[in-house]
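Contents: one structure, followed by commentary.
The values are calculated or read from the model by the stated rules, or taken from the named source; none is laboratory data. Everything numeric in this text was worked out from a predicted model, so none of it was measured. Counting neighbours? That spans all protein chains shown, and the Cβs are built from the backbone with ideal geometry, glycine included. These area figures cover heavy atoms from the full protein model, side chains too; ligands, DNA and RNA do not enter into them. Shrake-Rupley method; radii C 1.70, N 1.55, O 1.52, S 1.80 Å.
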Amino acid sequence: MRSLYREDKEYVLNVYNRINLDIVKGEGSYLYTSDGDKYLDMYSGIAVNLFGHKHEEVITRIIEQSQKYIHLSNYFASEPVVNLAKLLVENSFASKVFFANSGTEANEAAIKLARKFGKRFSEDKYQILSAHNSFHGRTCGALSLTCQSKYQDDFRPLLPGVDYFNFNDIADLESKVSDKTCAVFVEIIQGEGGIWEVSQEFIGALVQLSKKHNFLIIVDEIQTGMGRTGDLFAFEKFNFTPHIVTSAKALGGGIPLGAMLVAEELEDVLQPGDHGSTFGGNPLACSVGEFAVREIVSEEFCNEMKEKISYLFAEFNKFKTKYPDIIKEIRGRGFIIGIEVGKYANRIKEIAFEKKLLLNVTNTTVVRLLPALNIKMSELEEFTRLFDEILNDIRE
Ligand code: PLP
């Protein structure tokens, strides 16, 4: 019998640690294999498949847009692109949107905008800061901001003029910024870094320093945005307005799409020819993206999610009491949850796999849950039952 896993090893460049499963189809929150097995998927394509798989409206949008056109090039205005940009503007602080294909590209656009913004004031206002333990992507600009040595070390020298602060450390941030700073990048919840949320105090200090030194606050919502925390963007819970927000992952409802949302005062920094992308703002992706954003901002979708989130956190608090030797901490918000389990993380992942539950581990000690936002209550109940069994097996 054909093994995709084996052939993938033979022909595809070996940069991913693949899971040894041959997936033949997905439906809702389940993945089906060529062996006829069914797995409950708590990755949702790493926060991409916000509606799980085979969502009817997503399929309809893909078919209908394909019947009109799939790609035009950015020489033309396109209806789905305009519709999605308008929707994002109407539901956020932004007045304009630039579309890319991925998260890292959205951040590249933001780096360029920030650098050009700095040049308005002086030639040496080009310093960009990001947090230790952050993740902003893997292209060379974004990688320069991804402050984790395991991703950076083999690719030095990186972008000059980049420095790092300790996440949530106001004094450290203060010591790093100056009038030469053009932008500070921050994740509201560090996702890849292990689910660590920014504090309101830190955001308050960041806003004050941004006013004092005239730098941009760029919020990377690539993982936390698009409804994952219960709001369109996670920063909305904090009392401030960023200058730029970057989005991707779930933005295209499963189709590759990234975006940079820009505040009005920055609209004219990038001019024709300054930046661009052949595929960025692909009509097919934007058509699905428009549906995705419409769903997220609808009251019904949010209310349903809130109920499921409360259930999940209540269950986890019970687990924490029942298994204090295994669960050290539960972090995150909405459907981006990190369970700090120390040395048990990989064992939990392995036992889960045996039980046909797909769990992701990040930063070696954290089980990261990123379920589809429309996961059913019955599926969450199945998940908590299995998780209880796993923790019980570990204890034994
Ligand atoms: N920023 C954050 C916060 C992310 O989580 C990721 C991906 O995991 C990226 C940027 C990079 O996105 P992409 O993989 O689409 O380039």
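Quick check on Tyr323: is it aromatic (Phe, Trp, Tyr) and closer than 27 Å to Phe235 by Cβ?
No: the conditions fail for Tyr323.
Can you tell me how many residues within region 290-304 are at pLDDT 95 or above and part of a helix (DSSP H, G or I)?
7
Would you be able to tell me the number of residues in region 343-396 that are basic (Lys, Arg), surrounded by fewer than 17 Cβ atoms within 10 Å (Cβ to Cβ) and in a helix (DSSP H, G or I)?
Looking only at that region, the number is 4.
For the condition closer than 19 Å to Tyr126 by Cα and of a type in the set (A, V, I, L, M), what is the one hit in Val269, Val293, Val288?
The unique qualifying residue is Val269.
Has region 108-120 got any residue that is modelled with pLDDT of 95 or more, open to solvent by 50 Å² or more (accessible area, probe 1.4 Å), touching a Pro at 6+ places or on another chain (Cβ under 7 Å) and not polar (S, T, N, Q)?
no
Among (1) in contact with a Gly (Cβ under 6 Å, 6 or more places away or on another chain); (2) within 18 Å of Leu129 (Cα to Cα), there is one condition Leu251 misses while meeting the rest; what is its number?
(2)
If you take the residues in region 153-171 that are exposed (fewer than 15 other Cβ atoms within 10 Å of the Cβ) and in a helix (DSSP H, G or I), which one is nearest to the ligand (Cβ to nearest atom)?
Selected residue: Phe155.
Considering only residues of region 68-117 that are of a type in the set (A, V, I, L, M) and in contact with a Cys (Cβ under 7 Å, 6 or more places away or on another chain), which is farthest from the ligand (Cβ to nearest atom)?
Val81
Within region 319-328, which residues are part of a helix (DSSP H, G or I) and surrounded by fewer than 12 Cβ atoms within 10 Å (Cβ to Cβ)?
Matches in region 319-328: Thr321 only.
Go through region 172-183 and give me each residue that's outside any helix (DSSP H, G or I) and either open to solvent by 50 Å² or more (accessible area, probe 1.4 Å) or among the hydrophobic types (A, V, I, L, M, F, W, C) (or both).
Val177, Asp179, Lys180, Cys182, Ala183
Taking Ser34 and the conditions (1) more than 16 Å from the ligand (Cβ to nearest atom); (2) of a type in the set (Gly, Ala, Ser); (3) closer than 30 Å to Ala263 by Cβ, which numbered condition does it fall short on, given that it satisfies the others?
Among (1) more than 16 Å from the ligand (Cβ to nearest atom); (2) of a type in the set (Gly, Ala, Ser); (3) closer than 30 Å to Ala263 by Cβ, Ser34 violates only (3).
Could you check region 41-63 and list, in sequence order, the residues that are more than 16 Å from the ligand (Cβ to nearest atom), within 13 Å of Leu370 (Cβ to Cβ) and not in a loop (DSSP other than H, G, I, E, B)?
Hit for region 41-63 is Asp41, nothing else.
Only one of (1) outside any helix (DSSP H, G or I); (2) over 15 Å from the mean Cα position of the chain (by Cα) fails for Gly194. Which number is that?
For Gly194, the exception is condition (2).
Restricting to region 63-82, give me the number of residues that are in contact with a helix residue (DSSP H, G or I) (Cβ under 6 Å, 6 or more places away or on another chain) and open to solvent by less than 50 Å² (accessible area, probe 1.4 Å).
The total comes to 4.
Would it be correct to say that Ser66 is farther than 22 Å from Leu261 by Cβ, among the small types (Gly, Ala, Ser), outside any loop (DSSP other than H, G, I, E, B) and modelled with pLDDT of 95 or more?
Criteria met by Ser66.
Among the residues of region 233-292, which ones are open to solvent by 40 Å² or more (accessible area, probe 1.4 Å) and of a type in the set (Phe, Trp, Tyr)?
Phe279
Of everything in region 118-139 that's more than 24 Å from Asp169 (Cα to Cα) and in contact with a Phe, Trp or Tyr (Cβ under 9 Å, 6 or more places away or on another chain), which residue is farthest from the ligand (Cβ to nearest atom)?
Per the criteria, the residue is Lys119.
Given the structure, is Ser149 within 22 Å of Asp172 (Cβ to Cβ), out of contact with any Gly (no Cβ under 8 Å at 6 or more places or on another chain) and modelled with pLDDT of 95 or more?
So Ser149 fits the description; yes.
Out of the strands (runs of 3 or more DSSP E) lying entirely within region 203-289, which hold 2 or more residues that are more than 13 Å from the ligand (Cβ to nearest atom)?
216-220, 258-262
In region 184-217, what residues are small (Gly, Ala, Ser) and surrounded by fewer than 16 Cβ atoms within 10 Å (Cβ to Cβ)?
Scanning region 184-217 gives Ser199, Gly204.
What single numbered condition from (1) open to solvent by 80 Å² or more (accessible area, probe 1.4 Å); (2) closer than 30 Å to Ile296 by Cβ; (3) without any contact (Cβ under 8 Å) to a residue 12 or more places away in the chain; (4) not in a loop (DSSP other than H, G, I, E, B) fails to hold for Arg6?
Here Arg6 meets the rest and fails (2).
For Arg331, all conditions in the list (1) open to solvent by less than 10 Å² (accessible area, probe 1.4 Å); (2) assigned to a strand (DSSP E or B) hold save one; what is the number of the exception?
Answer for Arg331: the failing condition is (1).
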